[in-house]
Amino acid sequence: MLKSMRKNLKSLAPVLWGVIIAFIISIFAVWGGAGRLGESRNSNTIATIGNKKISADTYIQNLRQRLEMFKEDYKELDANFIQQLNIPQQVLEQIIQRTILSQKAEKLGIRASDEEISKKVKSFPVFQKDGKFVGFEEYKQILDFNRISASEFEKSLIKDIIVQKIILVLTAGIAVSEEELWENYKKTNESAQLEYILIENSKMELKEEPGSIELRKFFAENREKYEVPEKRTADYLFFKTEELKDEIELIDTEIEKYYKDNLSQFTEPERIKASRIFLPYESNEKELARAEAQIILDKINRGEAFGKLAQSNSKDEKAEENGDWGLYEWKRLSQQEQDKIKSLAQGKVSGLLELEDGISILKTTQKQSAVQKPLTEVKNQVTEILKDQKAINLADQQIAELEKKSKKENNLDVAAQKLGHKIRSTGALKAGDPIEDIDPSGTLSRNLFQLKDKESFVRINTIEGMGLAQLQKTEPARPAEFEEVQSRVQEDFNLKKKESIALEKAKSIKNELKQQGFEKIAKKYELEYKTAEEHQREQYLSIVGEIPEVDKLAFSLPLNEISDPINYNDGYIILHVLDRKEVTPDDFENNRSETGKNLLEVKKNKFFQSYYMKLREKIGVKTNYGLFTKINSEILARF
């Protein structure tokens, strides 16, 4: 343990304990172990990085930790939302990145000193009181209370320090030139006021549909564009989790045991709703703000409505909402205010709370203690969780048995028949094609295209369940015949024709714009008319997107001129620059330091990401996607 922390021990004020416990639990909720999911998987490997193996247990701990943190901000966190945010993939990639960088640091001899570890520990607000470190004994008590080993905690900090240092070493040589600095300053500070109209290809009308001769000629001229991609066909057997659940019977003791082992899952958390009146002050206005706040507090104590006084007096973002900070947003307030809110009884108002930047008056408008839901209330939920787990395990067992027999027979169909199952065919699939009832995301088809020579079996792990497939047929990519792509050819032909019509219309409209305004012409021809008040370089332009030529003209076209038609994805844009905000060398000199600092950070980040991806490729990363999907399915079933 760190010698420098054994000195100057100080006592920890009892009032701080509530805050510290809440803080430490939110950050280290899963450090105590991976729980029941991980117990059976400690020897399993979810990813291999060079020669380093990442255990399923490590991944489960990190994923649970991330989900606990998200639950603080999103009360209605569910499986779909977790998948939309891509949290499982992010967590695994962060573990991989940390491991790769740690290995690189070890090769370079980068270490973390005792002084650096000590400084890192002391930087945590949870280990501070009045801005000072609480002392070694209290530090250890906090960790012990949450069943966190101090040595394990510090090992994690060491990894963080080393990763930060390796990033600094790798990016130390990055610099910013004068030209880059000036161009970046212009990019972020210059803007143009624009108006523009769009002549869209899709809205152009064709006088007649093309004939067969025209289409065949167009096909012949563009034949290289039309190819039938490689397709693969497989036999497969799939076990749906929902169907397997029908085979599972539970006894009451199983349900009771799960409930007792996982009480925290069935606890309705404490609910506190708070309101605030806030009066900011500069140092020389402190007494005036305090006097004004006291007048408001006196009015509240005399029975005037808190919300009405907040609306007319408060100077924060919630003033118009009667000072209401809701059930969760008050947790963004200062720690001092949060502590006061938690200590107030329902309906009670605080005194004047003096902060660094203002005076705060707080009211707890709703307070409901944490409630443990009885088993009778959550029995159906527990039953579903257990059935999900058992169905996944049953599917895993059946697939393992099927895979063993299939490889022995070298035939999925024969093995399936021996086990009393009937296989199905995928039909010819392109990479990424879905199988709607079991694999809408196309996992199976992508895996079929990743098979190496002499490999034919592939596992299927989706949110719907698990299965096994055997490759049966491969159809190589080949040039398409006209009949196979006739509809595509006609679509491309029509688009080309419409683009030509749009260009001619755009040229004609430009001449009219010289006599009439953009908005009038847009109404006349029923075109899209848009404006941009402060368009910056490389910024997305509504509907059009990011077009280099538009960007160039926005900052070079004379104010009184109208641009020629500019091609974009779906047609042509005609542009008019109404005004332009430009920077001067003097502006640049006044902001050089901040501009340089920001640009250097951006360059370092880009360099590091590029370096890391090359290093990742060189070391080699293999992911056990079957295990990854299975773990995610089990954990997400609880949401």
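Quick notes on this one:
- The residue of the stretch 165-180 that is surrounded by the fewest Cβ atoms within 10 Å (Cβ to Cβ), among those that are in a loop (DSSP other than H, G, I, E, B) and not small (Gly, Ala, Ser), is Ile174.
- The set of residues in the stretch 165-204 being free of Cβ contacts under 8 Å to residues at least 24 places away in the same chain, farther than 30 Å from Leu559 by Cα and not hydroxyl-bearing (Ser, Thr, Tyr) consists of Leu168, Ala172, Gly173.
- For the stretch 391-414, residues that are part of a helix (DSSP H, G or I), out of contact with any Asp or Glu (no Cβ under 7 Å at 6 or more places or on another chain) and either over 17 Å from Glu242 (Cβ atoms) or not hydrophobic (A, V, I, L, M, F, W, C) (or both) total 15.
- Within the stretch 368-390, restricting attention to residues that are touching a residue at least 40 places away in the same chain (Cβ under 8 Å) and out of contact with any helix residue (DSSP H, G or I) (no Cβ under 9 Å at 6 or more places or on another chain), the residue that is farthest from Gln336 (Cα to Cα) is Val371.
- Filtering the stretch 434-445 to residues that are of a type in the set (D, E, K, R) and out of contact with any Asp or Glu (no Cβ under 9 Å at 6 or more places or on another chain) leaves only Glu436.
- Among the candidates Ile162, Ile110, Ile158, residue that is in a loop (DSSP other than H, G, I, E, B), under 28 Å from Glu601 (Cα atoms) and touching a residue at least 12 places away in the same chain (Cβ under 8 Å): Ile110
- Checking Phe493 against (1) in the same structural domain as Lys405 (by TED's automatic domain parsing); (2) more than 18 Å from Phe628 (Cβ to Cβ), the condition it does not meet: (1)
- Hey, Glu183 within 30 Å of Glu561 (Cβ to Cβ) and either acidic (Asp, Glu) or outside any helix (DSSP H, G or I) (or both) or not: yes
- Of all residues in the stretch 515-529, exactly one satisfies the criterion of being among the acidic types (Asp, Glu) and in a helix (DSSP H, G or I), namely Glu519.
- Scanning the stretch 50-81 for residues that are hydroxyl-bearing (Ser, Thr, Tyr) and not in a helix (DSSP H, G or I), we see that the one that is modelled with the highest pLDDT is Ser55.
- Enumeration of residues in the stretch 210-223 that are touching a residue at least 40 places away in the same chain (Cβ under 8 Å) and either of a type in the set (D, E, K, R) or part of a helix (DSSP H, G or I) (or both): Glu214, Leu215, Arg216, Phe218, Phe219, Arg223
- Taken as a whole, the structure leaves Glu377 outside the set of residues that are within 30 Å of the chain's Cα centre (by Cα) and at pLDDT 90 or above.
- Looking only at the stretch 113-129, and only at residues there that are hydroxyl-bearing (Ser, Thr, Tyr) and assigned to a helix (DSSP H, G or I), the one that is surrounded by the most Cβ atoms within 10 Å (Cβ to Cβ): Ser118
- Filter pass, Leu170 being closer than 27 Å to Thr595 by Cβ and either out of contact with any Gly (no Cβ under 6 Å at 6 or more places or on another chain) or at pLDDT below 85 (or both): yes
- Among the residues of the stretch 130-145, those identified as crowded, with 17+ Cβ neighbours inside 10 Å and either outside any helix (DSSP H, G or I) or of a type in the set (A, V, I, L, M) (or both) are Phe133, Val134, Gly135, Ile142, Leu143.
- Odd one out for Leu578 among (1) under 30 Å from Met204 (Cα atoms); (2) under 23 Å from the mean Cα position of the chain (by Cα): (2)
- The set of residues from the stretch 82-105 being in a helix (DSSP H, G or I) and free of Cβ contacts under 8 Å to residues at least 12 places away in the same chain comprises Gln84, Gln89, Glu93.
- Checked against (1) of a type in the set (S, T, N, Q); (2) surrounded by 14 or more Cβ atoms within 10 Å (Cβ to Cβ); (3) over 23 Å from Thr623 (Cβ atoms), Gln103 passes all but a single condition, namely (3).
- Of all the listed residues (Glu534, Glu526, Glu538), the sole one being of a type in the set (D, E, K, R) and surrounded by 12 or more Cβ atoms within 10 Å (Cβ to Cβ) is Glu534.
- Exclusive hit being surrounded by 13 or more Cβ atoms within 10 Å (Cβ to Cβ) and closer than 30 Å to Val176 by Cα, set Leu578, Leu599: Leu599
- Among (1) surrounded by fewer than 13 Cβ atoms within 10 Å (Cβ to Cβ); (2) over 26 Å from Gln381 (Cα atoms), the one test that Ile251 misses: (2)
The rows are residues; the columns are (1) of a type outside the set (A, V, I, L, M); (2) free of Cβ contacts under 8 Å to residues at least 60 places away in the same chain.
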residue: Arg592; (1), (2): yes, no
residue: Thr595; (1), (2): yes, no
residue: Glu601; (1), (2): yes, yes
residue: Lys604; (1), (2): yes, no
residue: Tyr611; (1), (2): yes, no
residue: Lys614; (1), (2): yes, yes
residue: Ile619; (1), (2): no, no
residue: Thr623; (1), (2): yes, no
residue: Ser633; (1), (2): yes, no
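- Options Val602, Val621; residue that is farther than 30 Å from Asn393 by Cβ and among the hydrophobic types (A, V, I, L, M, F, W, C): Val602
The rows are residues; the columns are (1) out of contact with any Pro (no Cβ under 6 Å at 6 or more places or on another chain); (2) among the β-branched types (Val, Ile, Thr); (3) in a strand (DSSP E or B); (4) closer than 30 Å to Ile174 by Cα.
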| residue | (1), (2), (3), (4) |
| --- | --- |
| Val550 | yes, yes, no, no |
| Leu557 | yes, no, no, no |
| Asn560 | yes, no, no, no |
| Val577 | yes, yes, yes, no |
| Asp586 | yes, no, no, yes |
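For (1) surrounded by fewer than 19 Cβ atoms within 10 Å (Cβ to Cβ); (2) polar (S, T, N, Q); (3) closer than 15 Å to Val458 by Cα, each residue gets a yes or a no:
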| residue | (1), (2), (3) |
| --- | --- |
| Lys387 | no, no, no |
| Gln397 | yes, yes, no |
| Leu402 | no, no, yes |
| Glu409 | yes, no, no |
| Lys418 | yes, no, no |
| Arg424 | yes, no, yes |
| Ala431 | yes, no, yes |
| Glu436 | yes, no, no |
| Asp439 | no, no, yes |
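The values are calculated or read from the model by the stated rules, or taken from the named source; none is laboratory data. Keep in mind it's a predicted model, so treat the numbers as computed, not measured. Don't worry about glycine lacking a Cβ; one is built from the backbone with ideal geometry, like all the others, and counts go over all protein chains shown.
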